[in-house]
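Just below is one structure, and these are the notes that go with it.
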Ligand SMILES: Nc1ncnc2c1ncn2[C@@H]1O[C@H](COP(=O)(O)OP(=O)(O)O)[C@@H](O)[C@H]1O
Ligand SMILES: [Mg+2]
C-alpha cells in the first residue's frame, strides 16, 4: 500500500539504508524498539512510512496495549492525512483497536472528514464481497480466541479455495489443513500464555505467500518457560524460543498439537516461521530444498543442536511481547 506522501522528517531508527521507511513485520521490531524505548516519547508519525502493512500495525497495537498496562506510559501517533490511507487504516480495524488499547491520536481531527467514510464504504463493499470473515482484518485476541479461530476456519473454507483456484474438497485444501492447525496453535498460545494479543492475515489477492501474524503482550517465551521442567533451562530469549519450539516434542500431550508439530506443517508448505520474543529473533525458513532436506534429517529426533543449526538466530533490542509471522507458499505459486 503506498502513501501519497513523500518521506519527510525524522528517521527514528536511523537504520533505513534504502530511503523509504516501511512499517511492516520485518521492520517493526527495529522501528518500534527504537521509538518506544521509554515512558515519555515523541508521537510516532505514521505519515513517515511509505508502507503501513497490517502485520506491522498488529505489532504496534500489541506494543500500545503493553504500554497502557504500565503506569502512565502513553502511546501517541500522528495519523497521515490522506483520506485513502485513513480509510484503509479504519477498515483494517487499526484505528478502533488502537484507541481501545489506550493509544492516543494527536491529530484525531484528520478523521473528521466525510471523504474517508465514502472511501471506507467502497472498501467495505469490496472486502465484504469476500465476506465479513475475510481474514484481512486485524483482530484482538483475548477471551474471544475461539471466535478468532472460527474466522480462520471460515477463511479457509470459503475463500482459500477460490484464491488457489481449486475445489473446496480438493486434495490441495485437505493438504492446507496443517497450516490452519499451525495458525490455531499460535492463536491459542496467545490465550494460554500471554492473555491478550492481535492477529492479522495477509492473504493478498495473487500474492504467492499467505502470511499470518500474531503479536501478544505477554512476558515472552523466556518467562513462560522459566517455571517449566525443561531439560535445558534457557537463559536467553533466543534459547527460550528454540526451547519453546521443541517443548511439545519432549512433553507430548494428547489433544495438544503444539508448535513442534506445527513445524512439520510448515515444511509441507515451504513455509517460514519468524518469532520475535524479548530480544530474541528466531527464523526457520523452509522455502528452499536444501533447508527442507536438513529439516527432514533431524525432525524425528528433535535434536536441539539440529534445530539451532537450522534456524537463523539474532539478538536485537528488546521489545515487549511476542511477535510471530507465519508464511506459507501457496501451491499455486509452487508451479
Ligand atoms: N505467545 C507465547 N508467549 C509466551 N510463551 C509462549 C508463547 N507461545 C508458546 N510459548 C512457550 O512455548 C511453549 C511451547 O508451546 P506449545 O508448543 O504451543 O505448547 P503448549 O502451548 O501446549 O505448552 C509453551 O509452553 C510456552 O512456554
Ligand atoms: Mg500451545
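The values are calculated or read from the model by the stated rules, or taken from the named source; none is laboratory data. Everything numeric here is computed off the predicted structure, so don't read it as measured data. Heads up, the Cβs are rebuilt from the backbone with ideal geometry, glycines too, and the neighbour counts pull from every protein chain shown.
Numbers for the structure displayed
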quantity: Residues satisfying the stated conditions in the range 102-127, i.e. without any contact (Cβ under 8 Å) to a residue 60 or more places away in the chain, part of a loop (DSSP other than H, G, I, E, B) and surrounded by 14 or more Cβ atoms within 10 Å (Cβ to Cβ); calculated: 102, 107, 113
quantity: Among the candidates 302, 278, 255, residue that is outside the structural domain of residue 53 (by TED's automatic domain parsing), within 16 Å of ligand 1 (Cβ to nearest atom), on the phi > 0 side of the Ramachandran plot and within 22 Å of the chain's Cα centre (by Cα); calculated: 278
quantity: Hey, residue 273 within 24 Å of residue 59 (Cα to Cα), within 16 Å of ligand 2 (Cβ to nearest atom) and out of contact with any strand residue (DSSP E or B) (no Cβ under 6 Å at 6 or more places or on another chain) or not; calculated: no
quantity: Some residue of the range 151-171 being within 16 Å of ligand 2 (Cβ to nearest atom) and touching a helix residue (DSSP H, G or I) at 6+ places or on another chain (Cβ under 8 Å); calculated: yes
